[in-house]
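To start, the structure itself, in structure tokens.
The values are calculated or read from the model by the stated rules, or taken from the named source; none is laboratory data. Just so it is clear, the model here is predicted, and its values are computed rather than measured. Every residue, glycine among them, receives a Cβ derived from its backbone with ideal geometry; neighbour counts consider all protein chains shown.
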Amino acid sequence: MKSKAAVRRIVEELKVLYPNARCSLEYKKDYELLFAVRLSAQCTDARVNMVTPSLYQKFPTLEAFANATYEEVGDAIRSCGFYNTKSKDIVECAKILLEKYGGKVPGTMEELTALPGIGRKTANLILGDVYGQPAYVCDTHCIRITGRLGLTDGSKDPLSVEKQLRAILPPEESNDFCHRLVLFGRDRCTARKANCDGCPLRKDCDYGKAQK
């Protein structure tokens, strides 16, 4: 288990590297973020950001999504992959948001994960970015990097990683910390190579310290 001092140094170093932590998905309305995250499954954020402007122009309201057919939405998101499943989830989700929540995206883990296609990762992102709650978004970058750093035990299970991070990260830092890990994972600590030479986190990183 990392010392509190080491955890704090990692958190602060990432703040220096990425002072403007934010989700890279572009959106204007709360439900647009919800749908964009659903589209990002097994798809890059860059691709999603290319698709959503025309998607939201074609379906400018929740009512428009709810009244659309799966095929109509699927045609608009085809390049994101798995469009049949994603389109069904989006249409059904729009219906539930209107019928059950008055068009608002709900603000609890239980409510969010009950929506079609929404898991804990997406729910945590919504809770953090929309509602300002402590949130631990355990995507592939977070799982990989926290394991290398030694903040977690190397588990690949998102829920296990989330529980371990909740035990050591200050709640008020959690959401931005996870956003910064995404940026760090794209820039330096990639899946293909850790790029430890010159890494500002190396002094507190279990993986980095083990490299010669």
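In table form, for the structure just shown:
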quantity	calculated
Hits in region 151-172 (condition: touching a Lys or Arg at 6+ places or on another chain (Cβ under 9 Å) and surrounded by fewer than 19 Cβ atoms within 10 Å (Cβ to Cβ))	Gly154, Lys156, Leu159, Ile168, Pro170
Helices (runs of 4 or more DSSP H) within region 113-205 that include 3 or more residues under 11 Å from the mean Cα position of the chain (by Cα) and not assigned by TED's automatic domain parsing to the domain that holds Arg8	120-129
Candidate set: region 173-212, residues that are farther than 12 Å from Leu149 by Cβ and among the basic types (Lys, Arg); chosen: the one surrounded by the most Cβ atoms within 10 Å (Cβ to Cβ)	Arg180
Residue satisfying condition, being under 21 Å from Pro60 (Cα atoms), within 17 Å of the chain's Cα centre (by Cα) and basic (Lys, Arg), within set Lys104, Lys95, Lys86	Lys86
Lone qualifier among Val11, Val73, Val51 - being under 30 Å from Asp206 (Cβ atoms) and touching a residue at least 12 places away in the same chain (Cβ under 8 Å)	Val11
